[in-house]
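This report refers to the structure that appears directly beneath it.
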Amino acid sequence: MNDARAPSIDVSGLPSFAFSHRSPMWWGTLGMMAIEGTVFALTVATYFYLRSHSDTWPMTARPPDLLWGTLNTAIMLLSAVPNHLAKRAGERYDVPGVRLWIIVGLVFGLAFIAVRVMEFAALNVRWDSNAYGSVVWTLLGLHTVHMVTDWADTLVLGVLFFTGPLEGKRFVDVSENSMYWYFVVWTWLPIYLVIYWGARAL
Amino acid sequence: MKPLIVFVVASAMLLAGCEREARRFDTPANNQTASEQAQRASPLQPGASQGGPVRDAFRDKSPYDGNAYAVNQGKQLFRWYNCNGCHSNGGGGIGPPLMDAQWKYGSEPAQIFQTIMQGRPEGMPSFGGHIPEDQVWQIVAYVRSMSGQLRKDVAPSRSDTIYAGPPENARMRLVPQPQTPDQPTPQGAR
Amino acid sequence: MVPPVFGLCLRLVLLAVLALLLASLSDYALAATPIPQAVHDALDAMGPQASHIASLWNVFLAACAAVFLAILAVLLYVLWRTPRADGGDVPDLSSLREAEPGPQRHVTRAVVVSVLALFALVVASVFTDRALARLSLADAVNIEVTAHQWWWTAKYVNGGPSDSFTTANEIHVPVGRPVVVNLHADDVIHSLWVPSLAGKKDLIPGRSTVMQFRADHPGIYRGQCAEFCGYQHALMGLLVIAEPPAQFETWVQGQRQSATEPTDAKALRGKAVFESSSCAMCHAIQGSLASAQHAPDLTHVASRQTLAAGTLPNTPQDLSAWISNPQLHKPGTNMPATPLSKDDLEAIVAYLGGLK
Amino acid sequence: MDRPLVEPPARGSDAPRLKDGPPPGSAEARALDETWADPPGFFGWFCPVNHKTIAKRFIVTTLAFFAAGGLLAAVMRAQLSRPENNLVGPDMYNQLFTMHGTTMMFLFAVPVMQTVATYMLPLMLGTRNVAFPRMNAYAYWIFLFGGLMLYIAFFFNTGPDAGWFAYVPLSGPQFAPGKRVDFWAQMITFTEMSALVEAIVIITTIFKFRAPGMTLNRLPLFAWSMLVTSFMVLFAMPAVMLASTALIMDRLIGTHFYNPAEGGDALLWQHLFWFFGHPEVYLIFIPGLGFLSAIIPTFARRPIFGYTAMVLSLIATAFLSFGLWVHHMFATNLPELGKGFFTAVSMLIAIPSAIQIYCWLATLWTGRLNLKTPLLFVLAFFFILVLGGMTGLMLASVPLDLQVHDTYFVVAHLHYVLIGGAVFPLFGAFYYWFPKFSGRMMSEGLGRWSFWLMFIGFNLAFFPMHLLGLHGMPRRVYTYQAGMGWDNLNLASTIGAYTLALGIFLSLVNAIRSARSGEPAPADPWGGGTLEWATASPPATCNFHRVPVVYGRDPVWEPPPPGAPAYVSGLAADSREQLVTTVLDALPDHRISYPTPSPWPFLSAVATTILFVGSIFTPWAIVWGSVIVAVPLVGWFWPTRREAAEHMALEKQP
């Protein structure tokens, strides 16, 4: 295949970025989500493992208060809206739209991080009280870490959209950032059920 | 400059690390240094009573304040020798609490050593001759860890037991209160 | 990439030097096994459990050896028959064009055979498992074994509370009677393994496990801890002494008694020293002031074969050597060296030597 | 600045720029070499993103750890050479075997496979770099720092001493005072993080950066094995990270995951650890299978037999390997029924391996053999690994396992499996690809000497251990008493171990000598069929001056049909640009501008190290540490105007 005169495929006409599964970054993000999803799943499994080994649940503690957690679930679900709009704006190369909806998303983010602090207070147990306390603190802590990091990512991306320099693949970043935001929101639902209802009914 | 810093940091780690992690399996001989004998300050003794005085602390410093393994052994012995019976995990009960800042008979390692060896009036038995002095020093180090007197990376962590409250390595360092004047320094302790 | 090796080499050099010094200077006193006659071999089965497993072993060994040799034979045949070639030779690409029925048939056959063989092995394994579970437990001897770092407590619980008694590091069982051992761990995970009598079972803190076996021949069977449990995992032995039922009963009767009162002055002094020194802080001797539970119960220590969980033979010399410096024989053990005058030491040895 | 985005410029293909396409030697080819070169100078040394540079360092690092682990083993074998030996005491011995297991598992076996892959895959797939080259660099740096941390700790008498499996409660807060276990657990965080990042890099490289025409159905089997391995990494390694994090929390902030008294459970650790631990064995073993599938066709002078069966076997192995972790826990009090299930699965997993072994044998049988050193190491696999597989079947059976579990029988088994299944193939691969790495051939003579010493030494070292186990010798004992009947077998084993070490040392000598003065290697010294042999030895900085187009599973053996396009043209030659292809059919999809050398991965790794090491001593390190980490990460992401301008110049919207 080192025949100089052999015909070749000229790729210079191809686009220089692409959305969704065509983009390598999408696969990278997917990989991250697979890893973190596994961590969440294993922590939930740990929760039920410990629960199955204990006669009383939530051991000596009171179940966590529902108010803040439920409120946060609502906020997070709502935040999917600006998130979706940011994604759409990104895929339309609509810079003002991206700026707007990222800012709205960040506001939602601030809201649910603030409420999250209240959630920890409402767990009614310390991490070092018993194994139940340890696992719910870990579960809530893990999700909080993802919330905060995702919020920070979004912030950086948002700032970049004001300062520049911008190039086409930044719109792909917006799209993937939204995908990750979805991940953080959707994974919360099972975790919410486990933390708040695993200690009650189920 | 940079290599110097590296060297300093490294040797600091070396010293800290090595002392913290050392496991000494050979029981050091008891204090053989000639020192005046201290009288037992308590009629009580574990097991059958022994006559005669007990030894003084042969040093002011605790040999084990920096040794995590020895402190951990001290914690085990604190349970085995039923110190818990009166001091219940340092919280106090029949005996005074050990995790607070109050030190009736002094917070210095040598003073704690003497307290254990001689015993004290009002019920603290005299363990001198019933526990090898090396183990007494281990218990001394552990007792000091109860009120946060030891480094955090040396003090023991939680045990696999039921115990409410923070483990020794999570406790705040309390500044020992000076002894109350009505408690004369027991002879031997300095 | 260099530093770790460098650091390691340095450490190892220091280590080697140190080791040579130690080896030359120190009187390292780990004795040869005190009970050379004790059986400890998984294939030398002395009871139904071990022999079930031993026969399963033979099945597996035969099957696996056959497969292994078959594959080896094919490989050698290939090496012997196939023509040689060189990197320069043009590759044979015919397989890209037409199928290879011959090799396909062989591979398929080999796979089918392997599947069948594996299935047979699974069945054999499951049946052995059932056989192990079906040991008759009628009129069993019940023992509570608790593992500590690094020794064993054995409590015989047949009959009422008054009949139960505690011993350490050595259990006697009657030949032909099933034994049910309830296993507990006092500190970390241990595992009880008596190869000639049964497979091993873990002792896990917070859980309790059971081990059932029967000894069909009188003899001494060596067991030991099989799960890494710290510094002296290597020297955590347990003796199982299988003896005829009558003999076993007399042993039980003896163990139920509290310690024999010493008669001669030396032993009496030994008892006094034992009770008033650090010995009594950890050990128990029924019928004396010593009642602590943090070390082996010494009520009938003289009737045992070994000291320190199979570390030393139970002779007066070894006993006094052990008491005067346990760390020399079993580095890391929880027993400290007790400073005793020569007379006191001899007295204690005399006293303990009398506790048949 | 967003105006050009509102109305995209027609710039791109028609802009007067240097485009690749012309053959080696042309100005464009020289420009490519220039473009993809590593930065020069001392500071440049911290910035490379070229997969070959990173992988070379990575390989050397892992081999250095391999040597270190081997030295530890040498001391252990010396200690066990005679009964009641006094070379090292229990404290040091426990550190030695813990460090040995930890090093071999976490610092050698898994990373070395991934890093050989990050070197070879772009060459095999016909692309110019791995996906996410900066992540790749980051993965190397944190791996290096994590490994160094562990050995520095060991050097300071803080070596972990609870075993590489670190069972609680022995590794827990009450029974492992000091910081030894914490350093171990944090090393897990480092290396697993590195492995996870590499897994993502490998998956994306294989999915998106294959040369046009290399459909998944034409993917080299080595690439398949790494793809499967990487997916296993994604789902296995989180388990051990969770377990070790819980352990650190138990030790540092007093959580109760493993404290039975407060509702925790000691077996929880074993479940989590082995849910990772058993797949771990297979993600060491499967790349080994990949090496075999790469080497055998070349030296049998024919394409592999049963490609599809091979691929399916790999995938089956991956799935099954998640279903047999409990066979490490047969001696605990788990339900008997469950144990039966795990016995069945543990035996079932032998089938896919058997299928592959039979296919290789068929390939050898129907081929013509070129008996060079790489093939010798491969043939040893059939002896050693098969024997290890057989003992594996015995361990899968509950009753047999109850006898041999935690004895030297298991030590023998796992070394037969791992050394036979991974290390011998790895050495084969090393001899096979060394000409590609270095541009020089290794000495056949030394190679054969090394092989036979290793083969004989290995069997002499480990076969006696089977018998020792059956005769009642437990694992992890720092010494044993005379009169147990274990003396001679142990002595033989020690002699064998040192012979094995000598053999490995000879290979090292061989590598160093050949790298200096070996005879220059042609592009394709063995007459191999995969793409790495289509480029120079050692490859140019850009791997291929002209990205090839693929028409078969062995592109070098199956050249393009007359008139069909043989290569890709039109990628920028004066700027880093890569061709992205579709996942299944590898059709040209789009071009992307590629990351340039950067210090940020190194700096981020330093920051991460500060965070991790700090959190061994105080939980607050998580808080201030994240701030320290955030800074370089933002710097990493933030584009410079020069880069952006360059990308804009090449930009073309979909």
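Before moving on, here are some points about what is shown:
- In segment D:416-434, of all residues being of a type in the set (A, V, I, L, M, F, W, C) and touching a Gly at 6+ places or on another chain (Cβ under 6 Å), the one that is nearest to D:Gly518 (Cα to Cα) corresponds to D:Ala422.
- Applying the condition of being part of a helix (DSSP H, G or I) and within 8 Å of chain D (Cβ to nearest Cβ) to segment A:122-147 and asking which residue is farthest from A:Met59 (Cα to Cα) yields A:Thr138.
- Here C:Pro91 clears all of (1) at the interface with chain D (Cβ under 8 Å from one of its Cβ atoms); (2) over 27 Å from D:Ala521 (Cα atoms); (3) touching an Asp or Glu at 6+ places or on another chain (Cβ under 8 Å) except the condition numbered (2).
- Checking C:Gly287, C:Gly310 one by one, the residue that is part of a loop (DSSP other than H, G, I, E, B), farther than 17 Å from C:Gly354 by Cβ and small (Gly, Ala, Ser) is C:Gly310 and no other.
- Within the span defined as segment A:40-57, every residue fails to be more than 7 Å from every other protein chain (Cβ to nearest Cβ), under 23 Å from D:Ala195 (Cα atoms), in contact (Cβ under 8 Å) with a residue 60 or more places away in the chain and not hydrophobic (A, V, I, L, M, F, W, C).
- Residues of segment D:521-551 satisfying the condition of being among the acidic types (Asp, Glu) and within 19 Å of D:Gly213 (Cα to Cα): D:Glu532
- The set of residues in segment D:386-412 being without any contact (Cβ under 8 Å) to a residue 40 or more places away in the chain and more than 8 Å from chain C (Cβ to nearest Cβ) consists of D:Gly388, D:Gly389.
- Residue under evaluation A:Arg116, criteria (1) away from every other protein chain (no Cβ under 13 Å); (2) surrounded by fewer than 18 Cβ atoms within 10 Å (Cβ to Cβ), criterion not met: (2)
- Checked against the criterion of being surrounded by fewer than 24 Cβ atoms within 10 Å (Cβ to Cβ) and aromatic (Phe, Trp, Tyr), the candidates D:Phe427, D:Phe383 yield just one match: D:Phe383.
- A residue that is in contact with a Ser or Thr (Cβ under 7 Å, 6 or more places away or on another chain), in a strand (DSSP E or B) and either more than 10 Å from every other protein chain (Cβ to nearest Cβ) or not hydrophobic (A, V, I, L, M, F, W, C) (or both) occurs nowhere in segment C:192-200.
- Taking the conditions (1) assigned to a helix (DSSP H, G or I); (2) surrounded by fewer than 24 Cβ atoms within 10 Å (Cβ to Cβ); (3) not hydrophobic (A, V, I, L, M, F, W, C) in turn, C:Gly270 satisfies each one other than (2).
- In the set D:Ala153, D:Ala137, only one residue is surrounded by 24 or more Cβ atoms within 10 Å (Cβ to Cβ), within 14 Å of chain B (Cβ to nearest Cβ) and part of a helix (DSSP H, G or I); that residue is D:Ala153.
- The numbered conditions (1) within 28 Å of the chain's Cα centre (by Cα); (2) in a loop (DSSP other than H, G, I, E, B); (3) within 23 Å of B:Ile131 (Cβ to Cβ) are all true for C:Ile323 except (2).
- Of all residues in segment C:310-330 being within 14 Å of chain B (Cβ to nearest Cβ) and either crowded, with 22+ Cβ neighbours inside 10 Å or hydrophobic (A, V, I, L, M, F, W, C) (or both), the one that is farthest from C:Cys282 (Cα to Cα): C:Leu328
- Candidates in segment A:1-20 are the residues that are assigned to a loop (DSSP other than H, G, I, E, B) and more than 7 Å from chain D (Cβ to nearest Cβ); of these, the one that is modelled with the highest pLDDT is A:Phe19.
- Single condition D:Arg302 does not satisfy, out of (1) part of a helix (DSSP H, G or I); (2) within 8 Å of another protein chain (Cβ to nearest Cβ); (3) closer than 30 Å to C:Glu100 by Cα: (1)
- Failed item, numbered, when C:Leu183 is tested on (1) in a strand (DSSP E or B); (2) at the interface with another protein chain (Cβ under 8 Å from one of its Cβ atoms); (3) buried (at least 19 other Cβ atoms within 10 Å of the Cβ): (2)
- Taking segment C:328-342 as the range and being over 31 Å from the mean Cα position of the chain (by Cα) and without any contact (Cβ under 8 Å) to a residue 24 or more places away in the chain as the test, the residues that pass are C:Pro339, C:Ser341, C:Lys342.
- All positions within segment D:490-511 that are within 14 Å of chain C (Cβ to nearest Cβ) and either of a type outside the set (A, V, I, L, M, F, W, C) or surrounded by fewer than 18 Cβ atoms within 10 Å (Cβ to Cβ) (or both): D:Asn490, D:Phe505, D:Leu508
- Complete set of residues in segment D:611-654 that are more than 9 Å from chain A (Cβ to nearest Cβ), among the aromatic types (Phe, Trp, Tyr) and under 28 Å from A:Asp94 (Cα atoms): D:Trp636
- Screening segment D:7-121 for helices (runs of 4 or more DSSP H) wholly inside it with 1 or more residues that are crowded, with 18+ Cβ neighbours inside 10 Å and more than 14 Å from chain A (Cβ to nearest Cβ) returns the ranges D:27-35, D:51-80, D:90-102.
- Just one of the numbered conditions (1) surrounded by 22 or more Cβ atoms within 10 Å (Cβ to Cβ); (2) assigned to a helix (DSSP H, G or I) is not true of A:Tyr182: (1).
- Selection of segment D:469-491 for residues being on the phi > 0 side of the Ramachandran plot and out of contact with any helix residue (DSSP H, G or I) (no Cβ under 9 Å at 6 or more places or on another chain) yields D:Gly472, D:Gly483, D:Gly485.
- Segment C:29-66, subset over 25 Å from D:Leu387 (Cα atoms) and outside any loop (DSSP other than H, G, I, E, B), residue farthest from the other protein chains (Cβ to nearest Cβ): C:Pro48
- Restricted to segment B:128-181, and to residues there that are outside any helix (DSSP H, G or I), surrounded by fewer than 24 Cβ atoms within 10 Å (Cβ to Cβ) and charged (D, E, K, R), the residue that is nearest to the other protein chains (Cβ to nearest Cβ) is B:Asp153.
- Residues that are under 34 Å from the mean Cα position of the chain (by Cα) and buried (at least 19 other Cβ atoms within 10 Å of the Cβ) within segment D:630-646 comprise D:Pro632, D:Leu633, listed in sequence order.
- Single match in A:Ala74, A:Ala34, A:Ala18, A:Ala61 (criterion: farther than 30 Å from D:His271 by Cα and buried (at least 17 other Cβ atoms within 10 Å of the Cβ)): A:Ala18
- Residue within segment D:281-289 that is over 20 Å from the mean Cα position of the chain (by Cα), at pLDDT 95 or above, among the aliphatic types (A, V, I, L, M) and part of a helix (DSSP H, G or I) present: no
The values are calculated or read from the model by the stated rules, or taken from the named source; none is laboratory data. Since this is a predicted model, take the numbers as computed values, not measurements. Every residue, glycine among them, receives a Cβ derived from its backbone with ideal geometry; neighbour counts consider all protein chains shown.
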